[in-house]
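Notes follow the structure.
Just so you know, all these numbers are worked out from the coordinates, no wet-lab data involved. Please read all numbers here as calculations on a predicted model, not as lab measurements. Ideal geometry is used to build each Cβ from the backbone, glycine not excepted, and the neighbour counts take in all protein chains shown.
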Amino acid sequence: MNKAITDGLVLMPAPFAAGLAAWSSGDGTPGSDTYAGAGGGVLVPADQDFGACLEIVKTASVQKIRFMGDTPILPGCYLRVTARVKAVAGALPSVRIAGWAGTGAATPLAGVVTQGPARALTTYGEVVEVSAIIGTGQRGGVDMVWSGATLGHLGLDFTGASGGVLRIDDIVIEDITGAFLRDMLAQIDVRDHDARGDGVTDDTAAFNAADTAAQGRTILVPAGTYRLAGNVTLRNRVRFEGTVTQGPEAWFILQKNFDFPSYVDAFGDEETAFRKAFQALLNFADHDGLDLCGRRIGLSGPVDMQGCDPSKTAFATRRVIRNGQFQALDSPAWNDTVVTSQATYAAANPRQLTAVANVANIEVGSLVTGAGVGREVYVTEVNLAQARVTLSAELYDAEGTQVYTFRRFRYLLDFSGFSSLSSFILADIEFFCEGRASAVMLARQGIAFAVRDCFFTRPKDRAITSIGIGCQGMLIDRCQFLSNEQGLAVNARTSVAFNANANDTKIRDNRVVMWKHFCVLAGSGHVIAGNHWFHGDSTNAGVRKGGIILTSPNVKTMITGNYIDNNFIEWTNEHDATPALGAQFSFGGLTITGNILTVNDVAPWFNWLVIKPHGPGHYIHGLTVMGNVFRSLNGFIDRVEQVDTSIADLDYGKMRNITFAGNVFHGVSQEVRNPLPVVHAQATADRIWVVDSGTGLPFLGRARTIESVVPQGAIRNGANQPIYENPYVEPEYGATKRQFRVIFASPCTGTLRAQVRMDNPL
């Protein structure tokens, strides 16, 4: 590049023959003495070596010659100043290129080098050439670095002994930028804007200045380490040969090549690169997502996602991390922290533990276990001043003071530092947890966190954990959850694929392999559709666990079109501090339709739907089980449904709106239906026929409602004559109340068909 050619820039000073008034014996600034005015120099019209030249007598300790014209100093432009001189008589001095650097016509630039290397004159009549390079950047071969200068008055100095007679040829100034910049027309070098790359100097201003100057050209970051103490936003493409360092308090935004590999090139370390790229994702709007470009990121410890930008405690704009892998490297940073503390619980403050001993040791996000604590209860907040812990869910039977255990799992991506995070998406990512780490912990609050087309491979404890209500409206679609405990029997497993505490999750088209539980869902309004979760077990007649655990009694939830394999649906109210039925809704609002439910090699007491009330007085109000296929292989099971009465039973006299219909049963000894068709044959003439519904009503329910009684053939009296009486019925008869009576006006025999319900549908 040559500015004299490309921009018509005038660099060459006037020749001495044009007049000595243009040449100063001072700094060259306006008003300084000239060689024409001071009489210290004369023009020699025809020197045998130089032609027309300047002749001076050295009278000062530093004899200066400066061109009084303004030579422009431009960022990225490098000038070479050359002078040819010879000694004619007298003392022999040294000579060097020198100049005056300024930021304005009369404003000097302080703190810069203004002299080039000196050369001694040793022989009279010998032509000696000296040169020096001037530029704005710290580059190899640059003698005078004038960062911030806009103009200069250039020339030379004679130093050393005085009294000598000297002759000077015309001084040459030329643009040699092309010797420094590779492909100058396509890139800008940050060193041209005073970047030092020494790892100590703050190069923030230089990077931003280079971006301003680039105007569509590529910015080059040469070899070196560039410390950036402030925010840097580069709007042009960047090529890294060196690396940058920057603390979490400042951001580094690559707008044109915003992807993970570019950040790896910039920071030279995968973990740091991911943290800085995520920080940038939160701080500018040009991109909706961070593309990992298929790269695998090895993590030596959990990534505190909020800690990537301490200034952001909440975020609610749609953002995506996509297309890559995270891998847990062998490191002690993945080890759980376990704390045991005595604390007090009262149902009046159902989501708080008070008077918590050594509360400072308890981490937000810790799993809480203890007597009366339901599954997947986590620490949402810790108040040190009040020795108080806030919980993600209520405890069902923990009144009083006891010792609790707080276990903090470690997650590849930990969002728990955010008070709120909404509309965040993880897409096309594989989490290689390696049995060392869990995968993702959600923020404490937020809406519509989405995970799609991701693989969760061998999490140590959890794949996705919600410690608050950051799971509100969560979407999990087309993911694979592969347990780290596939070789263990079900009763030895401890891992859970995910949990949710809030409402309205959408769990669709996932494949889930051999966990203790697929999910633990509090809240309501869930849609669980098109998934296949199988828990498997090679133990004959072995224990099976719940696949889906519903912990709210009134769930308003659909479980539709799933493949449920070797596990069951468990429905509890274990996240209720007052689990006995009071003012709250009881069990209801669950729809189970169109599923395939299979099991093999289990004990006959296995069931696919288990309701476990944690307090008395509850009943079912709204349950639909329709169009499902139930199949047991390698042995029959007794029935598909059960009430676990280990804590409390249901009130069978209050059942409402329950439908079991259109299901298919294979390998099930007792098929259940509601309404249940019953056929009764009365061989002995009697007014009162006692009809037994048997065990075919769901949950061994009572014969509460008789919807219809239809004779099959004639009803006959003792004389074997047809009679045409209209009987009435009395439901809930007998010790079990699973019988009902059909009462005629006179003794008779015959066969009838009835539709019996264990609920009141009205």
Could you point to the residue in GLN352, ASN607, SER538 farthest towards the positive end of the chain's charge dipole, with +1 and -1 charges on the Cβ of Lys/Arg and Asp/Glu respectively?
ASN607
Give the separation of the Cα centroids, region 94-116 to region 662-693, in Å.
109 Å
With axes computed from alpha carbons, what is the tilt in degrees of helix 270-283 against the longest principal axis of the chain, rounded to the nearest 10 within 0 to 90?
80 degrees
By how many nm would the segment from THR624 to ASN361 lengthen if fully extended, with 0.36 nm per residue of separation less the alpha-carbon distance?
90.0 nm
At 222 nm, what helix-only mean residue ellipticity would the chain give, in deg cm²/dmol to the nearest 500, using -39500 (n - 2.57) for each DSSP H run of four or more?
-1500 deg cm²/dmol
Nearby lysines by direct alpha-carbon distance to LYS312 (threshold 27 angstrom, same-chain neighbours under 8 apart not counted):
LYS256, LYS276
Contour minus end-to-end for ALA250 and THR578, with contour as 0.36 nm per residue of separation and end-to-end as the Cα-Cα distance?
113.2 nm
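Ranking request for peptides 503-516, 235-248: highest mean number of other beta-carbon atoms within 10 Å first, then the rest in descending order.
Details: 503-516: 21.8, 235-248: 18.3.
So the peptides 503-516, 235-248, ranked by packing, come out 503-516, 235-248.
Roughly how big is region 266-327's charge dipole about its Cα centre, with Cβ charges of +1 (Lys, Arg) and -1 (Asp, Glu), in debye to the nearest 20?
Values: 8 positive and 8 negative charges, 31 e Å.
Result for region 266-327 is approximately 140 debye, rounded to the nearest 20.
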Within region 634-677, which residues have the backbone N less than 13 Å from the label spot 7 Å out from GLN712 along Cα→beta-carbon, could you tell me?
677
Please state the charge dipole magnitude for region 3-179, taken about the Cα centre, from unit charges on C-beta atoms (+1 on K and R, -1 on D and E), reported in debye and rounded to the nearest 20.
300 debye
Dipole axis of the chain (+1 Lys, Arg; -1 Asp, Glu on Cβ), positive-most option in HIS517, VAL232, ILE706:
ILE706
Compute the angle between helix 204-214 and the longest alpha-carbon principal axis of the chain, please, reported from 0 to 90 degrees and rounded to the nearest 10.
80 degrees
Give a residue-ordered list of calculated ³J(HN,Hα) values for region 719-728 (Karplus: 6.51 cos²θ - 1.76 cosθ + 1.60, θ = phi - 60°; whole Hz; x for Gly, Pro).
8, 6, 9, x, 10, 10, 8, 10, x, 10
Along the positive direction of the dipole of the chain (beta-carbon charges: Lys, Arg +1; Asp, Glu -1; about the Cα centre), which of VAL527, SER646, ALA343 reaches farthest?
SER646
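Give me the percent relative contact order of the chain, please, defined on Cα pairs under 8 angstrom at least 6 residues apart. Write down the numbers at each step before the final one.
Numbers: 2264 pairs, mean separation 43.3, N = 762.
Relative contact order comes out at 6 percent.
Provide the net charge surrounding VAL625, with neighbours chosen by a C-beta distance below 13 Å and charges set as Lys +1, Arg +1, Asp -1, Glu -1. Can you show the working numbers first?
Numbers: positive: ARG639, ARG673; negative: GLU641, GLU671, ASP759.
Around VAL625, the charge tally is -1.
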Specify whether the C-alpha gyration tensor of region 337-408 places it in the rounded, prolate or oblate class, a ≥ b ≥ c being the square roots of the eigenvalues: rounded for a/c under 1.5, otherwise prolate if a/b is larger than b/c and oblate if not.
rounded
What order do you get for TYR728, TYR652, TYR411, TYR563 when you list them from fewest to most C-beta neighbours inside 10 Å?
TYR728, TYR563, TYR652, TYR411
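Mind running the shape call on region 641-762? Use the C-alpha gyration tensor, a ≥ b ≥ c as the square roots of the eigenvalues: rounded below 1.5 for a/c, prolate if a/b tops b/c, oblate otherwise. Mind dumping the intermediate values first?
Values: a/c = 2.45, a/b = 1.97, b/c = 1.25.
Since a/c reaches 1.5 and a/b is larger than b/c, the shape of region 641-762 is classed as prolate.
Which shape class, rounded, prolate or oblate, goes with region 187-296 when its Cα gyration tensor gives a ≥ b ≥ c as root eigenvalues, a/c under 1.5 marks rounded, and past that a/b bigger than b/c marks prolate? Numbers along the way, then the final one.
Working: a/c = 1.56, a/b = 1.33, b/c = 1.17.
Taking the square roots of the gyration eigenvalues as a ≥ b ≥ c, region 187-296 is prolate.
When a footprinting reagent is the concern and you count Cβ atoms within 10 Å, what order do ILE425, ILE688 take, fewest first?
Values: ILE425 17, ILE688 13.
By the 10 Å Cβ count, ascending, the order reads ILE688, ILE425.
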Rank these for me by crowding, HIS575, HIS193, going from fewest to most other beta carbons within 10 Å.
HIS193, HIS575
Candidates for Rg and Dmax of the Cα atoms in Å are (i) 43.4, 162; (ii) 33.5, 109; (iii) 39.4, 163, and the calculated one carries label (i)
Using alpha carbon centroids, what distance separates region 707-727 and region 340-360, in Å?
68 Å
Under a point-charge model restricted to the Cβ atoms of Lys and Arg (+1) and Asp and Glu (-1), what is the dipole moment magnitude of the chain relative to its Cα centre, in debye to the nearest 20?
1920 debye
